[in-house]
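Only one structure is covered here, and it is reproduced in the block below.
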Ligand code: AFP
């Protein structure tokens, strides 16, 4: 690979030319990349763009989760659908912004892949000009008929490709087709994604954690134990100080971890026991977990590898703990010790009394 010269298309041709039937996958990823370029242009216009001002006098738009849809959520969803529906590569799509699966219109040839995506992750950051992103995952389908919901409910280990675009000071595309995790930077003058970060590796050790600490009183004890130890720094069992980051755009937090290590946590909490975490399995946790694992990191629900979770619903949520392997393994160990009742010596009595977590809710 020639740094600064290899384009995304050349990379995909080289990665996939010997794999049977994979040329269609390369073509699909080129279509997805084209959609992210269009989204980058939309997002990059900020308050000058179509999607920032709420509809003048119009009724609020809401998505399947009841969230108010900013116009950009809708427009970015449309950008991906319109770039990817006509190429004869897809049998169907699922998006955070669409309640039901999107079947490829009859006028287009049906392909043998499924595209699952969050078109604009971190959209609550749009109004304050903080980095946001697009997350996508590619699954196989036999292409013989329009896909059913069940066809999308595949574990993360079945992904044939996954990636994200991050719309930051630079627009980057980070993806895997199963042979490592690689980063490309958008050359806006030419309109090409150029390979700038081949073979990304997540450092096994880290002293940086990312979590929304305002949820602390709702955490399970093993998460509270880990974060308490990080905050104690060199005065506690870890013997070194830690740093904390929380951008509240998963793409930006995960990108930082791929660049310099760290651990990202959006764990199960008791704030709403009906929701086992905030992040969606199919189009947030699974693609990010594959990217992290392909870069030598780890990704867990706290009790099982995320990629092994058998999906039950399209938009289901899952606890997410991912990043530097040694830290993820430590947090998983804390969950197992908690589940076996072996963590008592480590949990501060103060937290136990305050905890709203009910063990019976532990699934
Ligand atoms: P939005 O897309 O609604 O902004 O949510 C972003 C997100 O799904 C994920 O990108 C962040 O890591 C997480 O939510 C932030 O959640 P909190 O706002 O609870 O910190």
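Rg and Dmax in Å for the range 90-232, alpha carbons only: what are they?
In order Rg, Dmax, the Cα atoms of the range 90-232 give 19.0, 61 Å.
Report the relative contact order of the chain, percent, no decimals, based on alpha-carbon pairs under 8 angstrom and at least 6 residues apart.
15 percent
Over the range 162-273, with a single point scatterer placed on each C-alpha, what log10 of the ratio I(q)/I(0) does the Debye formula yield at q = 0.15, 0.16, 0.18, 0.20 1/Å?
Scattering profile of the range 162-273, log10 relative to I(0): -0.77, -0.83, -0.96, -1.07.
If you take every DSSP beta bridge fully contained in the range 3-197, what fraction is antiparallel? Give it as a percent rounded to 5.
Close to 85 percent.
For the range 3-197, what relative contact order do you get, as a whole percent, if you take Cα pairs closer than 8 Å and at least 6 residues apart?
Relative contact order here is 18 percent.
Treat the count of other C-beta atoms within 10 Å as a stand-in for reagent exposure and order 113, 102, 164 from fewest to most.
Fewest to most other Cβ atoms nearby, the residues stand as 102, 113, 164.
Helix 23-44 against the longest principal axis of the chain: what's the angle in degrees, Cα atoms only, rounded to the nearest 10?
So the inclination is approximately 80 degrees.
Order the peptides 140-146, 152-158 from the highest to the lowest mean number of other Cβ atoms within 10 Å of their residues.
152-158, 140-146
Express the relative contact order of the range 208-351 as a whole percentage, based on alpha carbon pairs under 8 Å and six or more residues apart in sequence.
Reported relative contact order: 27 percent.
Tell me, Kirkwood radius of the range 214-261 from alpha-carbon pair distances, in Å?
Kirkwood radius, the range 214-261: 12.2 Å.
Can you list the residues of the range 2-21 with backbone N under 12 Å from a point 7 Å past the Cα of residue 179, pointing along Cα to Cβ?
Inside the label zone: 11-20.
In bins 5 Å wide, starting from 0, what share of all Cα pairs of the range 3-197 does each bin hold, as a percent?
Going out from 0 Å in 5 Å bins, the range 3-197 shows 1, 8, 16, 19, 20, 16, 11, 6, 2, 0, 0 percent.
Extending each Cα 7 Å along its Cβ direction at residue 41 and residue 271, get the distance between those two points in nm, one decimal.
Placing both labels 7 Å along Cα→Cβ, they lie 3.7 nm apart.
Subtracting the Cα-Cα distance from 0.36 nm times the residue separation, let me have the gained length for residue 240 to residue 170 in nm, one decimal.
21.9 nm
Take the Cα atoms of the range 122-185, find their three principal axes, and give me the spread along each one in whole Å, biggest first.
43, 28, 18
Compute the angle between helix 71-84 and the longest alpha-carbon principal axis of the chain, please, reported from 0 to 90 degrees and rounded to the nearest 10.
That works out to roughly 50 degrees.
Taking a quarter of the surface of the Cα convex hull of the chain, what do you get in nm²?
Projected area, direction-averaged: 19.3 nm².
Roughly speaking, what is the stretch gain from residue 330 to residue 196, that is 0.36 nm per residue apart minus the C-alpha to C-alpha distance, in nm to one decimal?
45.0 nm
What's the center-to-center distance, using Cα atoms, between the range 113-188 and the range 13-49 in Å?
Cα centroid of the range 113-188 versus Cα centroid of the range 13-49: 10 Å apart.
Where does helix 325-339 land angle-wise versus the long Cα axis of the chain, in degrees 0 to 90, nearest 10?
50 degrees
Quick one: work out Rg over Rh on the C-alpha atoms of the range 208-351, Rh as Kirkwood radius.
Using only Cα positions, Rg/Rh for the range 208-351 is 0.94.
Please work out the FRET efficiency for the pair residue 82 and residue 23, using the Cβ-Cβ distance as r and a Förster radius of 30 Å; give the result to the nearest 0.05.
Plugging the Cβ-Cβ distance into 1/(1 + (r/R0)^6) gives 0.85.
Every number in this text was worked out from the coordinates using simple rules, so none of it is lab data. These numbers come from a predicted model, not from an experiment. Counting neighbours? That spans all protein chains shown, and the Cβs are built from the backbone with ideal geometry, glycine included.
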